[in-house]
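Please read the structure below before turning to the comments.
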Amino acid sequence: MSRKIVALPGDGIGKTVLPEAIRVLDTAGFKADYIHGDIGWEFWCKEGNALPERTIKLLEEHKIGLFGAITSKPNDAALKELDPKLSNKGLVYFSPIVGLRQHFNLDICIRPCQSFKGNPLNFIRRDGKNGFEEPLVDAVIFRQNTEGLYAGVEWTNPPKVVRDALETHPKMKAFKHVPSEEMAISTRIVSKNGCTRIIKAAFDYAKKFGYKNVTVCEKPNVLRETSGMMYKIAKEIAKQYPGIELWDTNIDAQMMWLTKNPEAYGVLVAENMFGDIISDGFAGLVGGLGFACSANIGDGAAVFEPTHGSAPKYQELNPSIVNPIAMILSACMMLDHLGETEKARRIKNAIAKVVESGKVKTYDMMKLRGGPDVFKNGACTTQQMTDEIIKQL
């Protein structure tokens, strides 16, 4: 039976890497019809909405989305690029991928960061014997995807009702003499249900795949209420999973520890912003964003995407230089979610063989500065990397 997948190329290099992932899926024998969904900067500029209602309806119908990349800019810059016919209508730019996460309650974000043997970008360290060692990194970050600082509950020049409510808190005395028009406020909101779902999902994953520890990566010594709730709930849930240790580290300390002993960590779980930070940190140890994939999963829908941005400066390069592996790995996560685990395994094995052989490398794998001259130094094109993965399949 052919599945229906909503293909969301988005912006920039998303339009380049998504077709490459579909080529690999086709070769692996995954039967699907890919239905195009409009999303991204183009639709903001001409329609005033980067996430059109028609695209939401497609995902409501078909449940699974494969997403490329998105361009997001501050609202003042976004307004300058809006069609003049839409100006002065009070439109506000909002990231469409964040919009998807919130509309479909895609609250569980999974970001694996796993080393491929032979990747020249893998993390190495001194071994204490005048040599070097390359620890195997196999960390999976569970990021709460809909709450926290990214929930978007914020104000510049807060209205009086908000200011009055905040000033009931004693800590607001320090800002008593700051005029509201000189104040910007962002709130960090977490809920018991949101914390419970992401922490339980992290422990379930650890149990399923044999990880020995789950680390709550927060800052409860400062963010006593929100981070405190995360850790309190984690301690209760951990009781249901004997044999899996519960660790906790502060976000700042974790950024230090991940470059000292990253191999010690298995599954990590954090609020939205901290999860974003720690997943990028671990991604840097396994090759950078060219190898960083992710899943956004809710009860009724799921969207799979690489964690890199749209990199518009590379969009017009012909041939393309960008690394398609993150997008292809995101497609593998989609396969796993759909129960097509054998096809996902074959694709990941093919990628591993290509990386280990070292015969074909994208510019980032060669530590080159991006540009059309990278081919003179032996870098492959985006399509050549996909071809090599397909050859291994």
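Key figures for this structure:
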quantity: Selection from segment 346-382 of residues that are assigned to a helix (DSSP H, G or I), in contact (Cβ under 8 Å) with a residue 24 or more places away in the chain and in contact with a helix residue (DSSP H, G or I) (Cβ under 7 Å, 6 or more places away or on another chain); calculated: 347, 350, 351, 353, 354, 363, 364, 366, 374, 382
quantity: Residues located in segment 184-213, provided they are touching a residue at least 24 places away in the same chain (Cβ under 8 Å), of a type in the set (Gly, Ala, Ser) and not in a helix (DSSP H, G or I); calculated: 184, 186, 191
quantity: Residue in segment 24-31 that is modelled with pLDDT of 95 or more, open to solvent by 30 Å² or more (accessible area, probe 1.4 Å), in contact with a His (Cβ under 6 Å, 6 or more places away or on another chain) and within 30 Å of residue 349 (Cβ to Cβ) present; calculated: no
quantity: Residue count, segment 167-209 (criterion: within 30 Å of residue 111 (Cα to Cα) and either at pLDDT 95 or above or surrounded by 10 or more Cβ atoms within 10 Å (Cβ to Cβ) (or both)); calculated: 24
quantity: Segment 311-327, subset in contact with a strand residue (DSSP E or B) (Cβ under 8 Å, 6 or more places away or on another chain) and open to solvent by less than 10 Å² (accessible area, probe 1.4 Å), residue farthest from residue 9 (Cα to Cα); calculated: 326
quantity: Whichever residue in segment 233-271 is β-branched (Val, Ile, Thr) and outside any helix (DSSP H, G or I) and, among such residues, is surrounded by the fewest Cβ atoms within 10 Å (Cβ to Cβ); calculated: 259
quantity: Breaking point among (1) modelled with pLDDT of 95 or more; (2) out of contact with any strand residue (DSSP E or B) (no Cβ under 6 Å at 6 or more places or on another chain), for residue 260; calculated: (1)
quantity: Cβ-Cβ under 7 Å pairs, at least 6 apart or on other chains, segment 219-231 side within 17 Å of residue 277 (Cα to Cα) and open to solvent by less than 70 Å² (accessible area, probe 1.4 Å), far side among the β-branched types (Val, Ile, Thr) and assigned to a helix (DSSP H, G or I); calculated: 219/251
quantity: Residues being more than 30 Å from residue 193 (Cα to Cα) and under 12 Å from the mean Cα position of the chain (by Cα) - total across segment 310-339; calculated: 2
quantity: Residues within segment 276-287 that are at positive phi and either free of Cβ contacts under 8 Å to residues at least 60 places away in the same chain or open to solvent by 20 Å² or more (accessible area, probe 1.4 Å) (or both), tallied; calculated: 0
quantity: Members of segment 206-251 that are over 26 Å from residue 171 (Cβ atoms), under 22 Å from the mean Cα position of the chain (by Cα) and of a type outside the set (Ser, Thr, Tyr); calculated: 206, 208, 209, 213, 214
quantity: Any hit, segment 82-94, residues being open to solvent by less than 70 Å² (accessible area, probe 1.4 Å), closer than 27 Å to residue 364 by Cβ and out of contact with any helix residue (DSSP H, G or I) (no Cβ under 6 Å at 6 or more places or on another chain); calculated: no
quantity: Single residue of 42, 47, 20, 60 found to be in contact (Cβ under 8 Å) with a residue 60 or more places away in the chain, within 24 Å of residue 312 (Cβ to Cβ) and among the acidic types (Asp, Glu); calculated: 20
quantity: Residues located in segment 122-139, provided they are open to solvent by less than 30 Å² (accessible area, probe 1.4 Å), within 19 Å of residue 278 (Cα to Cα) and in a loop (DSSP other than H, G, I, E, B); calculated: 135, 137
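The values are calculated or read from the model by the stated rules, or taken from the named source; none is laboratory data. Treat the numbers as computed from the prediction; the structure is a model and nothing was measured. Cβ coordinates were reconstructed from backbone atoms using ideal geometry, including for glycine residues, and neighbour counts include every protein chain displayed. Calculation scope for accessible area: heavy atoms of the full protein, side chains included, ligands and nucleic acids excluded. Shrake-Rupley method; radii C 1.70, N 1.55, O 1.52, S 1.80 Å.
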